[in-house]
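Note sheet for the following structure.
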Amino acid sequence: MPSNSSEDKECSYVAVRLLSGLKEVFTFKELEELLGVPAQVLWRYTSHVQFPERSTAKKLLDAIQEKRLLEKAIREIVLGPQGVVAEWKLLFNPRFLNIVGYLAWKHFGEDEIDLVLAPSERDSALAAVVADWLGADACAASERAWVNWGKLLSASYHSSERGEIVYLHLPRDAIEKGARVLVAKGVTRNFESLPALATIVEQARGVLLGAIVVAALGEGWAESAAKAGVKKVKVIVRRSGSGYEISL
């Protein structure tokens, strides 16, 4: 069990990283009004000049939850004013990825994840940030079988969007035997790559514990998860009949 001092540091660390994520949407003045902490102090926190004490950090986290600031930030960043998901705005936005990393830590933090696996190079930044939050390693599968990788872990799947068979590869030593793996995906419609990733993890004799998806544009991901034998899937934004739903 961690000591009180380490718990204090963890609480402060989470609060500061969430504040950094919220700065993508809110100004310091707006956060001052919403959180009840002076803007200058918030600047010192996000600049890492000073870290909040545990009581202050808890106050910040409670206010963020009570006023649903994460939900508001996710809706604005992911959907924008037009209500359309723009993948490039998500996957190359460090502040937003910090929010996703927090949600991954919240839902998978007790699963002792060893490796966060990205289905493609496009999702590599997402996997890296999620891995940082979980204290895990990260790697990305590739559609290219690089010669300098040596022996490979490989699997394929049929992409209905592209109308072709897609092959995924990883170096054989990318996943250690017994590694507990989480897949991190940015935007998907059916997540058809998930069963192939499950096959790769199985080839390495690892354990695929779950997946986190930033935005699902269709419901096919549930069928893919069932096919892959993955029971724990966290989808943050999903499209429904009436629009988009956000789940924290």
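The values are calculated or read from the model by the stated rules, or taken from the named source; none is laboratory data. All figures in this text were calculated on a predicted structure; none of them were measured in a lab. Positions of Cβ are backbone-derived with ideal geometry, glycine not excepted, and every protein chain shown enters the neighbour counts. SASA here: full protein model, heavy atoms, side chains in, ligands and nucleic acids out. Shrake-Rupley method; radii C 1.70, N 1.55, O 1.52, S 1.80 Å.
Some notes on this structure:
Residues checked against (1) charged (D, E, K, R); (2) touching a residue at least 40 places away in the same chain (Cβ under 8 Å); (3) under 30 Å from residue 81 (Cβ atoms):
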position: 139; (1), (2), (3): no, no, no
position: 175; (1), (2), (3): no, yes, no
position: 191; (1), (2), (3): no, no, yes
position: 207; (1), (2), (3): no, no, no
position: 244; (1), (2), (3): no, yes, yes
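- Close contacts from segment 90-109, counting a first residue that is closer than 13 Å to residue 248 by Cα and a second that is aromatic (Phe, Trp, Tyr) and assigned to a helix (DSSP H, G or I), with Cβ to Cβ under 6 Å and a gap of 6+ residues or different chains, come to 101/133; 104/133; 105/133.
- Applying the set (1) hydrophobic (A, V, I, L, M, F, W, C); (2) under 21 Å from residue 134 (Cβ atoms); (3) modelled with pLDDT under 95 to residue 70 leaves exactly one unmet item: (3).
- Some residue of segment 177-184 being modelled with pLDDT of 95 or more and out of contact with any strand residue (DSSP E or B) (no Cβ under 9 Å at 6 or more places or on another chain): yes
- Against the list (1) without any contact (Cβ under 8 Å) to a residue 24 or more places away in the chain; (2) buried (at least 16 other Cβ atoms within 10 Å of the Cβ); (3) out of contact with any Phe, Trp or Tyr (no Cβ under 9 Å at 6 or more places or on another chain), the condition residue 152 fails is (3).
- Hits in segment 194-248 - residues which are open to solvent by 30 Å² or more (accessible area, probe 1.4 Å), part of a loop (DSSP other than H, G, I, E, B) and not charged (D, E, K, R): 217, 229, 241, 242, 247, 248
- Selection status of residue 24, part of a loop (DSSP other than H, G, I, E, B), under 20 Å from residue 94 (Cα atoms), open to solvent by 10 Å² or more (accessible area, probe 1.4 Å) and of a type in the set (Asp, Glu): yes
- Number of the exception - residue 133 against (1) under 15 Å from the mean Cα position of the chain (by Cα); (2) surrounded by fewer than 18 Cβ atoms within 10 Å (Cβ to Cβ); (3) not aliphatic (A, V, I, L, M): (2)
Results for (1) assigned to a helix (DSSP H, G or I); (2) crowded, with 16+ Cβ neighbours inside 10 Å, shown as yes or no for each residue.
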residue	(1), (2)
15	yes, yes
19	yes, yes
30	yes, no
65	yes, no
74	yes, yes
85	no, yes
88	yes, no
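- Scanning segment 99-128 for residues that are outside any loop (DSSP other than H, G, I, E, B) and either of a type in the set (Ser, Thr, Tyr) or open to solvent by 20 Å² or more (accessible area, probe 1.4 Å) (or both) turns up 102, 105, 106, 107, 109, 110, 111, 121, 122, 124, 125, 128.
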